[in-house]
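Here's the structure, in structure tokens; my notes come after.
The values are calculated or read from the model by the stated rules, or taken from the named source; none is laboratory data. Small disclaimer: the values here were computed from a predicted structure and weren't measured. Because the Cβ atoms are built from the backbone with ideal geometry, glycine has one as well, and the counts that use them run over all protein chains shown.
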Amino acid sequence: MANLSVELSPQFWRDYVAGRKNSLPRKKVNASEKWDQMAKRYQNFADDKDFVAELKWIKKGLLRHGMLGSELEIIDVACGPGTHCFTFAGICRQVTAIDVSEKMIEQVILRKNGSEVGNLTVVCQDFYEFKAPNLYDTVFVSMSPILNDLDNIDRLLAMSRRYLALTYWAGVRENPLFQRCYRLIYNSEYHFDALDLTVVFNYLNALGFSPEISYLHPVWKRRETVANTVNYMIWHLEFYRELSDDEKMLIQELIVAEADTEGMVNYSTKLRKGALFLDKKAGFF
């Protein structure tokens, strides 16, 4: 019989992660200019009912687990253009928002300056270089590739006085249009390789914590211009290597052929997202 104490140890999960294909090189993941390109794209989601429903799902989970409150200080790591931090600022005593992208942070600052939010500290810095000045009651990370690295999970735990909340991919991300683009450029099938949040759950459990996890199964439906669709597909494809001008033209031609009579492209992404909530005091007496 297999020795489960070995199989389910923290080292077991570290070995599992180390043995996976690393499809997103760190130099891409933490490159400011890479994420700068997507800063304005988030504006397209503001009125998307599925996107808004996801935000409400996350907020509800945080409130249910006591991770937001008037006495709490929270840090939003990889905050993007402020997707969550302004909601937090309306509930918590103090909020810190950090992101590597200057363009993302510019949007956070612009929104902050146009509001009466006085309890939000904004930091533009690479998480790998960030040294937390103090512990935070709640450490929150949503949909950032830094969660692919268990060393970062350890760092996030160390930054937390009590709570850790993570939302990330949970094994499913299927976009037929991107699959066609990937096949066209790389002559192979695209295999989504982000670390499943369930593995992070198992790692934390092996460390002796008692995390909770829940799942959402949205379908992102997008209707965008040819130019925006081309830019997004190329941006995603270039996580692996830079595309030549000829390859970019191939993507352009493929997307143009997908456009309707109004010059718009409709595509969808089927996915599963996980939300992990950890109280460091749970189960300890």
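List of remarks:
- Among (1) under 17 Å from the mean Cα position of the chain (by Cα); (2) more than 20 Å from Pro10 (Cβ to Cβ) - the single one Tyr182 does not satisfy: (1)
- Listing of helices (runs of 4 or more DSSP H) fully contained in the range 69-164 that carry 1 or more residues being under 25 Å from Phe45 (Cα atoms) and small (Gly, Ala, Ser): 85-89
- Within the option set Glu238, Glu247, Glu253, Glu242, being acidic (Asp, Glu), under 22 Å from Arg183 (Cα atoms) and surrounded by 17 or more Cβ atoms within 10 Å (Cβ to Cβ) holds for one residue only, Glu247.
- Within the range 238-251, being without any contact (Cβ under 8 Å) to a residue 24 or more places away in the chain and in a helix (DSSP H, G or I) holds for Asp245, Asp246, Lys248, Met249.
- No other residue among Asn134, Asn44, Asn119 is more than 24 Å from Lys273 (Cβ to Cβ), modelled with pLDDT under 95 and not aliphatic (A, V, I, L, M) apart from Asn134.
- Some residue of the range 140-157 being surrounded by fewer than 22 Cβ atoms within 10 Å (Cβ to Cβ), free of Cβ contacts under 8 Å to residues at least 40 places away in the same chain and over 23 Å from Phe192 (Cβ atoms): yes
- Just one of the numbered conditions (1) in contact with a strand residue (DSSP E or B) (Cβ under 8 Å, 6 or more places away or on another chain); (2) surrounded by fewer than 19 Cβ atoms within 10 Å (Cβ to Cβ); (3) of a type in the set (Gly, Ala, Ser); (4) on the phi < 0 side of the Ramachandran plot is not true of Ala170: (2).
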